[in-house]
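The values are calculated or read from the model by the stated rules, or taken from the named source; none is laboratory data. No experiment lies behind these values; they were computed from the predicted model shown. Don't worry about glycine lacking a Cβ; one is built from the backbone with ideal geometry, like all the others, and counts go over all protein chains shown. Each accessible area value is taken on the protein alone, full model and side chains, heavy atoms only, with ligands, DNA and RNA left out. Shrake-Rupley method; radii C 1.70, N 1.55, O 1.52, S 1.80 Å.
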Amino acid sequence: MPISTIDGLASSLNTTEIIDALISAERQPAVLMENRVSAKTLEVTNFQALAAKLIALQTSMNTLNNKGSFSDATVTVSNRDILTASADSAIGAGTYSMNVLSLAQNHQVASQGFDDPTSTTFGTGTITIAVGDASPTIINIENGQNSLIGIKDAINDAKAGVTASIVNDGTDSNSYRLLLTGRKTGAENTISFTSDLTDGDELDFENSSFDNPEIQRFATSTTSAVTLGATAAFTGATNKKYTFTVAGNGSQTVGNGNITIDWTDGTNSGSIVVSQSDTEVIGPDGLKLSFADGDLTAGDTFTVSTFAPLLQQATDAQISMGSSTNGASPIIITSGTNTFDDVIPGMSIEVKDVTTAETGPVTISTGFNSSGVTSKLETFIKAYNDVIDFIDSQNKYNEDTGESGVLMGDLTLQTIQSRLAGLVSTPIAGLEKNMNALSAIGIRMDGDGKLKLESSSKLSAALEADYESVMSLFVDSGYSDSSGINFINGADNITGGDTFEVDITQVATKGYFQGSNMYNPSVQNLVISDSYNNIQLRVDGRVSDVIELTARTYSSSADLVNELQTRIDNDDKIGNMGVKVEWVDVGSDQGYIKINSSTYGSASKVELFTSVSQSAFADLNLSEGYVRAGRDVEGTINGQAATGTGRMLVADDDTDAAGLRLEITLADADLLTGSEGTITITKGVASVMRDRLDSITKSDGGVISRKVSALEAQIADFEDQISRLDERLDLRRETLQLQFTAMETLISEMQTMGSYLESQLEGISSNWSSILGKK
C-alpha cells in the first residue's frame, strides 16, 4: 500500500522528487513501448481508412459487375398523353412515327331496366355466359337467387370471365340494370349471354328500347297523359335522351286540331304533330307516343330516354408505325391489350389515347444511354484514384521536417497498390484483342498510377458500336457454341479464358398428370352432371380452390379441354400459373387428358385432390391416372459432377468449375453422344477486382483484417508489458518510500540522541564549572 511521508523532516531532502526521478528513469522502457502503441494505433487507424476507400471502390465495382449497368436505354416520347414506352435493356438508336388508331376495350353490356333489384321477379333455371372462345359457364338460378342482386352474385361466384354489377340510370321507372363487363380486353373477348328462366322475368342484353316518358314540367291545367306507343322500337345504337316541349299558346285540346310538339336530343331536333287521342304518333328513331284525351299546355315538357344494351364494344388496340408521306405505307399492328411488346425489339409500348389530326403522330426516339454508363465508369475511376491518393500520401517523406507517412514502406500497402495496378492494366483473357483492355474504351493509367478517362467520345462510340464487348470488359461472360447452353454466372475460382465441356445426360422436363384412356367425346359424348362436377388440383405445391365444371354434355375432346382450361384459368389460386390442359389421341377413337405444369424440374408436379366432394375425376378418367413429376437437368461440366435444379446446372463445390451456373434449354432430340457444347468464360475487370477487393477488405480473414489484427495483437502485448512494468514500479516506489522513511526515522533518532548528549554535556560542563568555582 502507498506510504505517506513528510519530505525531509529530518534530512531536509525532497524525497518525493528523488523517488519520482528514480521511478521515471526506471520507466523509460515503458515510455518507449507507449510510443510504439501510439504509432501502432495510428497504423490501425490508417489501415481502417484505407479499407473504407477500398470498400467504396468495391461498391463501384459491384455496380459495374451487373449487366443491367450496361443495358440502359434512352426512350423519348413526344406525347406521353397518347402513349408511353420503356425499354429494360439496350436498344438501338432510331426514330419511329406512330399513330394510335384504337384502344383495346373490354366488352360491356347492360340489361333492360327493373324497378327493384331485390324483388324475386325472375324465373328460375339457368343462364349461360361465355367470353370469346372460352368454354361457356352454365349458372343455376334457384329460388332465393332470382332477384337482380341474387343473379349478380351468382354470376360473380361462377367466375365466368365477367364482372356483374347493378347500375341505377336515374330514371323514374325501371332504373336498375344488370351490367356485365368482360375481364379481358380485345375483340375476341365478346360476351355471349343466354337465359333459360321460367315463371318470371327474363334478362335481355340484346334488344334496344325506349323508356317510359317522364314528366319534367306539366301545367296544372294539363289533363292529357303521354305514354309509350305499343309498337315503339328503338332503331338507333346510341343511348340518348329526347326532350319534348309543347309548342303554341295556352291550353290545347288533344283531338281538336293539330298540336305541335318540338323535340331535341341535344344534337338533332324536329317536331311531331298530335291530331287525335289514343293514336300512336311517330317520332325519331322508331319512337311512337300516344296521348290520352284531355288538354296539353304550351310549355309542357317531358323526356324519353333510349336504351341500347351495348355500352362498350370489345375492341383490339391498333397502332400504325411509319409515315404515309411520299407514297410510303405504314404497317398496322394489333394487340388484344393496350400494351405492345417487341414491336421495336426490347421495347414495351402502352397506348393511352387515340391520335387525332390535332395531336398528330407520336414520335419515339431510342438510343443507348452512354451517359449513364459513363457516369458509372467515372464513379469507378474516382474511387480508384482516391485509393491511390491515399496510398501515395502514406509513402511521402518530408526531408526538411523528417516526417513521413504513417504506413511508409509497409509491405502490405505496397502489395495492395501493386495488385490494383495489375488488375486495371492486364488484358482480359478470352476477349478479342481490340477490346480486351480498359484502354480500348479510353481509360488509361497516367504517370502517377491513376486512371483517367481520356476520351468520352471513344467510350460512347464503343458503346454504340458493340455495348456487349464493352460490358465484357467488366462483367463475367460466357460464350457458348450451343444455343441450348446459356451462361448465367461464373465463379471466383474460374480464370478468364477457361473453356468447359458440357455433357448433358438428361434434359429438364415439366411435371404433369396423365389420365387413363377414355373414348373421345366426339365418338361417345361425355356427360358431366351437377352431382359430380368438381375437381381440385395441387400444382407445384399450390392448392387450387374447388373448381366447378359446367354440368352439360361434351361432344368433342376440344370442347372438354376448353372447359377444363377455362375453369382452371379462372381459379384464384392457380389461374395465373400457366397450367395447360391437352387431349392426347392414342388412336382407336380413344385418348386421355393431360394436365401440364409450366415449370421445369423435380418440384414441378400436378396432383389431384381425390377426396374433393362431388368429384368429376371418375367421369374424366383421372382417378386411375398418375402423377409424373418433372425432371431436373443432369450432366457434367468438364467431366466433373454438377447439380441440376430445373433447367439450371451448377458445378459442384469440389470441382474445377465450382459455382459455374448454366441454363440448359436443350430438348431430348438435341442430346448427343459426348458433350453437347462448350462454354468459354471471361472474367471482367469489375468481377476480378470485386473478388480481389473482397479478399483484401473482408472482415474475416481479409488482408487488411489480418494486418489490423496483427497490429492490435502487438498493441495488446505492449500494453500488457507496460502494465506489468508499472506494477513492478509501484512496488519499487513503495520500497523506496519505506527506505527513505526508515532513513528519516534513523536521522531523527540520531538527531534526538545528539540533542540529548548535547544537553548532558552542557549539564556536566555546568557542574564542573560550579565545582571549580567553589574551590
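So here's what we get for this one:
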quantity	calculated
Cα centroid of the stretch 239-294 to Cα centroid of the stretch 421-472, whole Å	86
Relative contact order, percent, the chain [alpha-carbon distance under 8 Å, six or more residues apart]	16
Extreme residue, positive dipole direction of the stretch 95-242, given options 99, 223, 149 (C-beta unit charges)	99
Extreme residue, positive dipole direction of the chain, given options 275, 401, 71 (C-beta unit charges)	401
R0 of 22 Å, Cβ-Cβ distance residue 542-residue 641: FRET efficiency to nearest 0.05	0.10
Net lengthening on full extension, residue 739/residue 654 (0.36 nm per residue, minus Cα-Cα)	23.4 nm
Pairwise FRET efficiency - residue 678 versus residue 63, Cβ, R0 = 25 Å, nearest 0.05	0.25
Percent accessible area from carbon and sulfur atoms, the stretch 272-420, protein chains only, probe 1.4 Å	46
Residue 241 versus residue 169: modelled label distance in nm, points set 7 Å from Cα along the beta carbon direction	1.2
Candidate residues 554, 512: accessible-area rank, largest first, probe 1.4 Å	512, 554
Helix 370-394 vs. the chain, principal-axis angle (Cα, 0 to 90°, nearest 10)	10
Test item: Cα-centred dipole of the chain, Lys/Arg +1 and Asp/Glu -1 on Cβ, debye	1680
FRET efficiency for residue 486 and residue 445, using Cβ-Cβ distance with R0 set to 51 Å, rounded to 0.05	0.90
Charge dipole magnitude, Cβ of K and R +1, D and E -1 - the stretch 190-282, Cα centre, debye nearest 20	680
Linear extension gain, residue 501 paired with residue 303, 0.36 nm per residue minus alpha-carbon span	63.0 nm
Residue 426-residue 115 pseudo-label distance in nm [points 7 Å out on the Cα-to-Cβ vector]	9.2
Helix axis angle, 456-472 relative to the chain longest principal axis, alpha carbon, degrees	80
Accessible-area value, residue 445, 1.4 Å probe, nucleic acids and ligands omitted, Å²	80
Accessible area of residue 183 in the full protein assembly, 1.4 Å probe (Å², nearest 10)	120
In Å, descending, principal axis extents of the Cα set of the chain	192, 90, 69
Most to least accessible of 97, 224 (protein chains only, probe 1.4 Å)	97, 224
Phi-based couplings in Hz for the stretch 55-71 (Karplus 6.51, -1.76, 1.60; Gly and Pro marked x)	5, 4, 5, 5, 4, 5, 5, 4, 5, 6, 8, 9, 4, x, 5, 10, 10
Fully extended contour minus Cα-Cα distance, from residue 525 to residue 618, at 0.36 nm per residue	32.0 nm
Sum of -39500 (n - 2.57) over DSSP H runs of 4+, divided by residues of the chain (222 nm, nearest 500)	-9500 deg cm²/dmol
Residue-level accessible surface for residue 532, protein heavy atoms, 1.4 Å, Å²	130
Amide hydrogen neighbours beyond the local backbone of residue 83, cut-off 5 Å, H modeled	352
Using alpha carbons only: equivalent-ellipsoid semi-axes of the stretch 600-707, gyration tensor based, whole Å	45, 22, 11
Cβ charges +1 (Lys, Arg) and -1 (Asp, Glu), total dipole of the stretch 432-525, debye	280
Degrees, to the nearest 10: 703-774 long Cα axis against longest axis of the chain	30
Listed residues 116, 295, 730 arranged by accessible area, highest first, probe 1.4 Å	730, 116, 295
Cα-Cα over 24 Å, subset of 152/580; 382/433; 159/240; 152/184; 450/683; 40/452	152/580; 382/433; 159/240; 40/452
Other-chain or far-sequence residues with amide H under 5 Å of residue 190's (modelled H)	132
The stretch 87-211, accessible area per residue, ligands and nucleic acids excluded (1.4 Å, Å²)	44
Spin-label pair residue 716/residue 80, simplified geometry with 7 Å Cα→Cβ offset, distance in nm	5.8
10 Å-binned pair-distance histogram of the stretch 377-425 (Cα, whole percent)	24, 46, 24, 6
Residue-wise HN-Hα coupling along the stretch 630-645, computed from phi with Karplus coefficients 6.51, -1.76, 1.60 (Hz; x: Gly, Pro)	x, 10, 7, 5, 10, x, 10, 10, 6, x, 10, 5, 9, 10, x, 9
